[in-house]
Amino acid sequence: MAYCAGLAEEHNMARNAFSRTFMERMATFIVDKRRWFFLIYIAAAIFCVFSMSWVTVENDITQYLDEETETRQGLEAMNANFAPLATGRVMVTNVTLETAWQINDTIAALDGINMVEFDESYEHYRSSCALYDVTFAGGNFDQVSLDAMDSIKTALSRYDLYIDSQLGLDMNDMLRGEMLVILIVAVIIIFAVLILTSRAFMEVPVLLLNFGMAALLNMGTNFIFDKISFISDSVAVVLQLALAIDYAIILCHRFSDEHETKNARDAAIAALSKAIPEISASSLTTISGLAALAFMQFGIGRDMAFVLIKAIFLSLLTVFTFMPGLLVLFCPAIDRTRHKKLLPDVSFLGRFAVKMRRVLPPIFVLILIGAFMLSSRCPYCYSFTDLETAKMTEQQHAYFKIKDVFGTSNMVALLVPAGNYEAERAILEELETYDEVNGTMGLSNIEAMDGYVLTDTLKPRQLSELMGLDYEIVEALYSLYAMENNQYGQLINGLEEYSVPMFDMFLFLKDKLDENNISLEGGEMDVGDMLGQLETARQQMKNERYSRMVIYLNLPEESQETYDFLQQIRRICGKYYEGDYYLVGNSTSSRDLSASFKMDNLIISTLSTLFVVIVLLITFKSVGLPVLLIIVIQGSIWINFSYPTLVNQPLYFLGYLIVQAIQMGANIDYAIVISSHYQEEKAHMPHKQAIVKAMNSAFATVFTSGTIMSSAGMLIGNMSAQPVVAIMGMCIGRGTIISMVLVLFVLPSLLVLGDSIIERTRFRLQPVLPQTQEAQGKILVRGHVRGQVSGWMDGYFEGYVSGQVNLAVSNDGEMKVEGKNDEKV
């Protein structure tokens with residue numbers, strides 16, 4: 001019998017040596033060539049420092065809408081055809097109406113101000129507060145506009161002043177500054193957490209050095225994408241730290257275990273060869289959850305998926321090829337700084353799970369049902385303008401102050417094909433008959449002078465009298481206009497009845513004055529200011545292809561009533577135009593985003609769960625266990641998104657979509673760690689004892705990963721003023737804390753109570769085998785085999801034999817005959 005056991009052990013060693021060859025060879029190469037890898041990474045780091053500036057960041061979230069949506073098409077048409085002049089709302093409080101008019105004149109007289117809108121209506125003056133709609137002479141980042149804004153602040157410094165404007169606001173720069181502070185605070189927290197969970201103080205700098213390299217590589221390679229969103233650019237480094245630092249911790253702990261009996265080089269080789277498959281398997285659930293984002297209709301999901309999945313792969317690469325060298329390099333320092341275990345024993349969690357195994361699961365089911373119902377009623381919103389965050393900028397404070405006094409302004413731009421002024425006038429007149437419309441503005445209803453609107457047609461005599469010019473000069477102007485517009489018939493028939501829209505004629509006059517092709521004797525200075533204002537109107541309201549009209553609605557940005565009225569506007573436009581007209585505004589953007597949300601929500605919830613289930617089925621080879629794990633994590637998602645319902649706080653839809661994918665892909669790792677330890681311990685002891693030991697073994701990993709992830713999320717949520725980023729961070733932090741609580745207190749009870757289900761639903765994956773091969777002599781066979789054997793067997797074997805056997809089995813093995821009540825032989 002001892003002979004058989006010895007042969008079995010000898011063959012087992014030979015088999016293990018054969019199977020480890022590739023992994024160990026790869027690990028040996030990485031460790032022995034560590035200096036070359038250091039040089040490669042140093043060169044890559046230097047390259048990435050410079051390549052980070054090559055990354056193009058998109059600050060406009062609407063650019064990720066589907067190209068077929070009206071908002072996307074309308075914005076592209078508007079940006080391509082009209083000058084984007086900066087605007088702002090300026091509110092001055094505690095002033096009389098007389099003072100308010102004086103302030104209006106002060107603002108209008110400043111350089112760089114194109115237009116100031118103010119009147120005595122309730123929309124501009126109420127409760128001793130005056131509201132001015134200001135249009136600047138340049139864009140949001142033009143110096144003329146920035147100087148004008150500074151002039152407003154200086155001129156009105158003695159008043160209580162609130163300015164709501166996007167002028168000079170670079171969202172990307174603001175977020176980068178915020179994220180730098182957040183990252184510094186996060187590193188301090190993570191340093192403290194790693195000190196608690198590490199085995200040597202010097203392990204912590206090794207872990208942070210490895211992460212720093214991975215983060216730098218990810219930021220420096222984002223240029224491979226055409227552009228990335230401001231969301232991905234800002235949160236990627238913090239999420240990469242939270243999602244991927246586990247991989248470095250696993251390798252570090254493996255190295256520590258192997259170093260107890262091996263030197264630094266051999267310990268690194270052994271640790272890496274064992275950690276590669278373990279870490280790769282662990283990363284699959286995270287990658288699976290993120291991959292679901294790539295299938296969203298809203299392109300921001302694909303953008304975040306690509307950036308974060310690249311971050312995970314680069315983190316894996318640095319752990320496998322950079323960190324082993326660091327461990328060998330810093331091994332003497334690690335040995336000198338070893339310390340005792342700092343985390344407490346948590347065996348009480350396992351004993352609590354055993355004791356409460358018949359109480360906690362029913363309570364959890366009831367909570368699950370309630371959470372599902374509450375989360376399904378979550379008040380989603382599709383515009384982040386009205387979302388208040390823990391930290392707000394001066395502009396955001398001003399917006400909410402103005403909103404409290406004057407309410408919100410829901411403005412919609414209407415683009416129609418240029419040239420049909422009568423149709424434009426008819427559309428604006430019909431729209432103003434609706435109660436849902438506060439007012440409209442377009443060339444066809446802007447009064448120019450003496451009761452004329454800009455698009456009224458004037459004959460030469462009328463224009464002569466209006467401008468006080470000699471009739472002969474005006475007649476010459478009309479002749480020139482007719483020739484340049486190929487209207488020679490008017491010249492032949494006489495110009496007395498030739499009518500031209502005032503707006504077109506004035507702009508033609510301005511162009512000729514600029515070209516010095518015509519002069520107005522004594523009249524040029526009188527019309528100079530008016531022509532300048534008309535040029536501004538041309539930049540904002542009309543070009544060769546489109547005319548732009550503005551509609552002010554008294555409806556909320558997001559409501560079914562608003563969406564229905566947008567359809568009514570389209571029906572009115574349809575009377576005069578067959579197509580090529582667009583509605584653009586926050587309401588149209590919200591409508592398009594809400595339409596894509598329903599499908600995106602279904603895609604992410606289905607695919608993220610499906611991908612993770614497949615990974616779990618392959619990992620645990622049981623149907624019951626993946627179901628239990630998914631229920632726990634899905635429960636944490638439902639509880640997480642019940643909170644907005646309970647406090648009646650709007651949740652930006654993007655936060656829900658992204659966070660549920662991250663939560664399903666990343667937080668389930670905590671459940672996997674506990675379940676894996678439980679399965680391992682259960683092979684050597686009863687399942688009630690196994691859960692106690694498993695909880696004690698897995699607690700450090702769950703505590704480390706969960707604390708880092710929740711801290712990163714909470715820091716983003718409380719230290720970022722960008723609403724989308726802040727809400728996403730808050731949801732990640734809150735969801736991770738909920739996941740940790742459920743995994744540590746509910747999952748153990750479910751594992752103990754459902755142990756029999758887990759075992760009954762186990763299965764064995766049958767490999768696909770090639771055709772049988774014939775051989776004769778002394779043959780070494782390794783792997784899963786199927787076929788007939790005629791001869792003497794000697795070695796370690798696990799499987800089934802159909803037929804008759806005559807075998808000696810070692811004491812640590814057994815032989816059973818199926819079909820005879822599992823009779824032992």
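The values are calculated or read from the model by the stated rules, or taken from the named source; none is laboratory data. Nothing here was measured: the structure is a model prediction, and the numbers come from that model. Glycine gets a Cβ as well: all are built from the backbone with ideal geometry, and neighbour counts include every protein chain shown. When the accessible area is computed, the model is the full protein with side chains, heavy atoms only, and any ligands, DNA or RNA have been set aside. Shrake-Rupley method; radii C 1.70, N 1.55, O 1.52, S 1.80 Å.
Counting only residues that are under 18 Å from VAL584 (Cα atoms), open to solvent by 30 Å² or more (accessible area, probe 1.4 Å) and either of a type outside the set (A, V, I, L, M) or in a helix (DSSP H, G or I) (or both), how many does region 414-457 have?
Total meeting the criteria: 3.
Within the bounds of region 158-175, is there any residue that is small (Gly, Ala, Ser), in contact with a helix residue (DSSP H, G or I) (Cβ under 8 Å, 6 or more places away or on another chain) and assigned to a loop (DSSP other than H, G, I, E, B)?
There is at least one residue in region 158-175 that is small (Gly, Ala, Ser), in contact with a helix residue (DSSP H, G or I) (Cβ under 8 Å, 6 or more places away or on another chain) and assigned to a loop (DSSP other than H, G, I, E, B).
What do you reckon, is VAL405 aliphatic (A, V, I, L, M), in contact (Cβ under 8 Å) with a residue 40 or more places away in the chain and surrounded by fewer than 19 Cβ atoms within 10 Å (Cβ to Cβ)?
For VAL405, the condition - aliphatic (A, V, I, L, M), in contact (Cβ under 8 Å) with a residue 40 or more places away in the chain and surrounded by fewer than 19 Cβ atoms within 10 Å (Cβ to Cβ) - is met.
Can you name every residue in region 176-234 that is under 23 Å from ALA44 (Cα atoms), not in a helix (DSSP H, G or I) and not β-branched (Val, Ile, Thr)?
Within region 176-234, PHE225, ASP226, LYS227 meet the criteria.
Which one is nearest to SER590 (Cα to Cα) among residues in region 386-402 that are of a type in the set (A, V, I, L, M, F, W, C) and buried (at least 17 other Cβ atoms within 10 Å of the Cβ)?
Among those residues, the one meeting the criterion is LEU387.
What number of residues within region 321-353 are among the aromatic types (Phe, Trp, Tyr), open to solvent by 30 Å² or more (accessible area, probe 1.4 Å) and under 38 Å from the mean Cα position of the chain (by Cα)?
Within region 321-353, residues that are among the aromatic types (Phe, Trp, Tyr), open to solvent by 30 Å² or more (accessible area, probe 1.4 Å) and under 38 Å from the mean Cα position of the chain (by Cα) number 1.
Got a number for residues in region 163-177 being over 15 Å from MET719 (Cα atoms) and small (Gly, Ala, Ser)?
Of the residues in that region, 2 qualify.
Could you list, ordered by first residue, the pairs with Cβ atoms under 8 Å in which the first is in region 26-53 and closer than 26 Å to ALA268 by Cβ and the second is open to solvent by less than 40 Å² (accessible area, probe 1.4 Å) and outside any helix (DSSP H, G or I), at least 6 apart or interchain?
PHE37/PHE322; PHE38/PHE322; TYR41/PHE322; CYS48/THR221
Residues that are among the β-branched types (Val, Ile, Thr), free of Cβ contacts under 8 Å to residues at least 40 places away in the same chain and surrounded by fewer than 21 Cβ atoms within 10 Å (Cβ to Cβ): list the helices (runs of 4 or more DSSP H) wholly contained in region 608-681 that include at least 2 such residues.
The helices (runs of 4 or more DSSP H) meeting that bar are 624-640.
Which of the residues spanning region 128-162 are buried (at least 16 other Cβ atoms within 10 Å of the Cβ), among the β-branched types (Val, Ile, Thr) and out of contact with any Gly (no Cβ under 6 Å at 6 or more places or on another chain)?
Once the filter is applied, which keeps residues that are buried (at least 16 other Cβ atoms within 10 Å of the Cβ), among the β-branched types (Val, Ile, Thr) and out of contact with any Gly (no Cβ under 6 Å at 6 or more places or on another chain), region 128-162 yields THR135, ILE152.
Go through (1) open to solvent by 10 Å² or more (accessible area, probe 1.4 Å); (2) in contact (Cβ under 8 Å) with a residue 40 or more places away in the chain; (3) in contact with a helix residue (DSSP H, G or I) (Cβ under 9 Å, 6 or more places away or on another chain) one by one and return the number of the condition ASP226 breaks.
(3)
I need a count of the residues in region 109-127 that are open to solvent by less than 80 Å² (accessible area, probe 1.4 Å) and either closer than 15 Å to VAL92 by Cα or touching a residue at least 24 places away in the same chain (Cβ under 8 Å) (or both).
11
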